[in-house]
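Accompanying notes for the structure given below.
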Amino acid sequence: MTRSKAVAGPAPRQGVLDIAAYVPGDDRSRAARVFKLSSNETPLGPSPLAVEAYRANADRLHVYPEGSSRTLREAIGATYGLNPDRIVCGNGSDELLTLLAQNFVSPGDEAIFSEHGFLIYRIAILAAGGTPIVAPETSETANADAILSRVTPRTRIVYLANPNNPTGTYLPHDEVKRLHAGLPGNVLLVLDAAYAEYVRRNDYASGVELAAEAENVVMTRTFSKVFGLANLRIGWAYGPAAIIDTLNRTRGPFNVNGPALAAGAAALADRAHLERAVAHNSHWLDWLTREVAALGLRVTPSVGNFLLMHFSDAKGRGAAEADAFLRDRGLVLRRVAGYGFPNALRMSVGPEEANRLLVASLADFLGGGRG
Ligand SMILES: Cc1ncc(COP(=O)(O)O)c(C=O)c1O
């Protein structure tokens, strides 16, 4: 029997090979002491209560977790005053952001996000076979009118990170409401509020009220940032029952593991730890913004737990050189070329020692010394 020479292998669906795989922040440095400031993790770590709850699950590793994350949903509901039936937990909020595209975007459909928006949106849209539509920003901030002007009959989702990563900028609640009011009812507005707890602005809102009232708004949150549980992968979404129902139909049946569920609920109960993390961030974010700017670098004004600094085009003074210089000192920041910032670095607010070392090292770098 002869076989055709050109046997085609299995082909992925349309869009998959257009995806540039997400590159996580790394911690590579030859320095003896390394500060990983590349993934917006909290320098305070998780609440000790969360660690204890996690450990208490060690002798139950052979038992399946609660499939619907009920206890954690109830704890979230009690903490934020929300109906647990309208909450779904995910293996990180990434899972939920991706599932929303799987559920609402078909091949040929469009979904919109902003110019420097979080990269997972593009990946999620392409993985669903959809077309990513990019709306330009103004002053490195999402622009409601630019987003609205890109809505077509094929638009299914608008993703908005508020505040956004990697810029740290945000849209005031009035602008979010105006954006929502301008969207057709069949377009889902996804408000990704991964950094909401850090924001200290009177005109900001996470979107919880909109998600409570509107039929086409869902808000996502995470335990990875201020709660310090990134390694456990816990996120959640709150929204209209019909949207939550689609997520429950398509998520993995045991998508959040038992130790994570227990640790998440314990973390919510430790308000003092949360307040310490927020206070630390507010103090050092302000300090870093001031000190880095004083060295002559432009800093995008951030309300998150990270800041974006822009380097000069002068030879030897760019982001790539700064990254290498800082790594030698044990400071690992994030390159952000994939976000449209080829000459900037994003830095997570770290512990005091790392923040001070960063400013001193940057001064050396900009002053020309190799320390
Ligand atoms: C804006 C934004 N959304 C969502 C996430 C994902 O968080 P996780 O999947 O850990 O919940 C991140 C993480 O960096 C983020 O920056």
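Largest to smallest in accessible area, the residues ARG13, ARG221, ARG86 fall in the order ARG13, ARG86, ARG221 (1.4 Å probe, all protein chains included).
Shown in residue order for the stretch 343-349 are the 3J(HN,Hα) couplings computed by the Karplus curve 6.51 cos²θ - 1.76 cosθ + 1.60 at θ = phi - 60°: 10, 9, 10, 9, 10, 6, 5 Hz (x for Gly and Pro). I need the shape label for the stretch 85-217. Rule: rounded when a/c is under 1.5, else prolate if a/b > b/c, else oblate, with a, b, c from the alpha carbon gyration tensor. Taking the square roots of the gyration eigenvalues as a ≥ b ≥ c, the stretch 85-217 is rounded.
A simple rule links phi to the HN-Hα coupling: the Karplus curve 6.51 cos²θ - 1.76 cosθ + 1.60 with θ = phi - 60°, which for the stretch 59-74 gives 8, 10, 6, 8, 9, 4, x, 4, x, 9, 6, 4, 5, 6, 4, 5 Hz, with x for Gly and Pro.
Just round it to a whole percent: the fraction of Cα-Cα distances in the chain exceeding 30 Å. For the chain, the share of Cα pairs beyond 30 Å comes to 41 percent.
Distance from the alpha carbon centroid of the stretch 243-269 to that of the stretch 294-371 works out to 36 angstrom.
The overall shape of the stretch 156-292, judged from the alpha-carbon gyration tensor, is oblate: a/c is not under 1.5, and a/b is no greater than b/c. Ranked from largest to smallest solvent-accessible area, with a 1.4 Å probe on the protein heavy atoms, LYS225, LYS177, LYS36, LYS315 come out as LYS315, LYS177, LYS36, LYS225. Across the stretch 281-370, C-alpha contacts under 8 Å between residues 6 or more apart give a mean separation that, scaled by the residue count, equals a relative contact order of 29 percent. From largest to smallest, the equivalent ellipsoid semi-axes obtained for the stretch 1-143 from the alpha-carbon gyration tensor read 34, 24, 23 Å.
Near VAL158, the amide H atoms lying under 5 Å from its own belong to ILE112, LEU188, LEU189, VAL190; only residues 5 or more places off or on other chains count, and H is placed 1.01 Å from N.
Scaling the Cα radius of gyration of the stretch 256-312 by the globular reference 2.2 N^0.38 Å produces a ratio of 1.60. For the stretch 96-137, the Kirkwood hydrodynamic radius from C-alpha pairs, put into Stokes-Einstein at 25 °C and a viscosity of 0.890 mPa s, yields a diffusion coefficient of 247 µm² per second. Per atom type, the stretch 13-79 shows carbon and sulfur on 54% of its accessible surface, probed at 1.4 Å. In this structure the amide hydrogen of LEU331, modeled in the peptide plane, comes within under 5 Å of the amide hydrogens of PHE35, none closer than 5 places in sequence on its chain. Reported to the nearest whole Å, the Cα centre-to-centre distance from the stretch 71-105 to the stretch 188-214 is 14.
What the chain shows is 44 Å² of accessible area per residue, with the surface traced by a 1.4 Å probe over protein heavy atoms. Against the criterion of solvent-accessible heavy-atom surface with a 1.4 angstrom probe, TYR170, TYR121 sort, most first, into TYR170, TYR121.
Please state the shape class of the stretch 314-371: rounded when a/c is under 1.5, otherwise prolate if a/b exceeds b/c and oblate if not, all from the C-alpha gyration tensor. It comes out oblate by the Cα gyration axes. Extents of the stretch 220-299, largest first, come to 52, 27, 22 Å (Cα atoms, principal axes, whole angstrom).
Between ASN165 and PHE118, the built amide H atoms are under 5 Å apart, and every one of these is 5 or more places off in sequence or on another chain.
Taking all protein chains together and rolling a 1.4 Å probe, GLU137 ends up with roughly 30 Å² accessible. Our coupling estimate for the stretch 41-47, obtained by passing each phi through the Karplus curve with A = 6.51, B = -1.76, C = 1.60 and θ = phi - 60°, is 7, 8, x, 7, x, x, 4 Hz, Gly and Pro reported as x.
The values are calculated or read from the model by the stated rules, or taken from the named source; none is laboratory data. In this text, all values refer to a predicted model and were calculated from it rather than measured experimentally. Ligands, DNA and RNA are excluded from the accessible area calculation, which covers all protein heavy atoms including side chains. Shrake-Rupley method; radii C 1.70, N 1.55, O 1.52, S 1.80 Å.
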